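Any read-out appearing in this document is the output of simple, stated calculations on the displayed coordinates, not a laboratory observation. Just so it is clear, the model here is predicted, and its values are computed rather than measured. Here the Cβ is made from the backbone with ideal geometry for all residues, glycine too, and neighbour counts use every protein chain on show.
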Amino acid sequence: MAQKKVALACSVCGSRNYTIPANSNRTKRLELNKFCKYCGKYTLHKETR
Ligand SMILES: [Zn+2]
């Protein structure tokens, strides 16, 4: 059975730098400060599908 995953995309450059396991109990979108290697700094990353 394939595990569902969602990507976290940098809100500045749009690249999908992280993938996390989807949590079916969670309904709202994740927004996390993560390091973007393309921007070279910590930026807001948003969950995509
Ligand atoms: Zn970026």
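Our estimate of slack between C39 and A7, defined as 0.36 nm per intervening residue step minus the Cα-Cα distance, is 9.8 nm.
How do the peptides 11-18, 28-35 rank, highest first, by the average count of neighbouring beta carbon atoms within 10 Å per residue?
On the way: 11-18: 13.5, 28-35: 11.1.
So the peptides 11-18, 28-35, ranked by packing, come out 11-18, 28-35.
Using the Cβ of E31 as centre and a radius below 11 Å, the other residues enclosed give a net charge of +3, where K and R count +1 and D and E count -1.
Here the dipole of the stretch 5-48 is about 20 debye; that uses its Cα centre as origin and unit charges on the Cβ of Lys and Arg (positive) and Asp and Glu (negative).
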